[in-house]
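Have a look at the structure below, then the notes.
The values are calculated or read from the model by the stated rules, or taken from the named source; none is laboratory data. Being a predicted model, the structure only gives us computed values, none of them experimental. We place every Cβ from the backbone using ideal geometry, glycine too, and count neighbours over all the protein chains shown.
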Amino acid sequence: MSYEILVNDEHDLIEVRYRGAVPVSERERALTRVSSLVRQTGLRAVLINFSAAQAESEGFESSNRFAAQLSRDPNLRTCQVAYLAIDALQVNAVVEALAAARQFPLRRFHDRAAAIRWLDGSDPGPGVGGY
């Protein structure tokens, strides 16, 4: 497994920490677990941390399926989702674009503290990606 999921009580958020090369199938499994945690905890802030990882590029069909799963999940639609990527090459730009086209509430950040400020509402400024 190339991820761990934590409930961060200090910042009232759910964090997914990826490491290494992360295929879409791993992101789909993590998403299912995060959705359950959102439902169980009532938390509405999610930080996806790619600072030690890289999303594998697996073609349009896989990317589209994952973006559709993100945007259709009723628990995640109620959340703000920030993802941390030091380098734009760490993330799958196709998934990012498809999720944004579906109006999924997602922002990309280079700085963890800025992502957390956006998630807790203390800094409403935009990240570097998403809508």
Pair list, Cβ under 8 Å, 6 or more apart: the range 4-19 residue farther than 13 Å from residue 44 by Cβ, other residue among the hydroxyl-bearing types (Ser, Thr, Tyr) and outside any strand (DSSP E or B): 18/2; 19/2
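Yes or no, residue by residue, for (1) surrounded by 15 or more Cβ atoms within 10 Å (Cβ to Cβ); (2) at pLDDT 90 or above; (3) at negative phi:
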site: 18; (1), (2), (3): yes, yes, yes
site: 31; (1), (2), (3): yes, yes, yes
site: 60; (1), (2), (3): no, no, yes
site: 93; (1), (2), (3): no, no, yes
site: 106; (1), (2), (3): yes, no, yes
site: 112; (1), (2), (3): yes, yes, yes
field: Number of the exception - residue 44 against (1) within 17 Å of residue 119 (Cα to Cα); (2) at pLDDT below 95; (3) basic (Lys, Arg)
entry: (2)
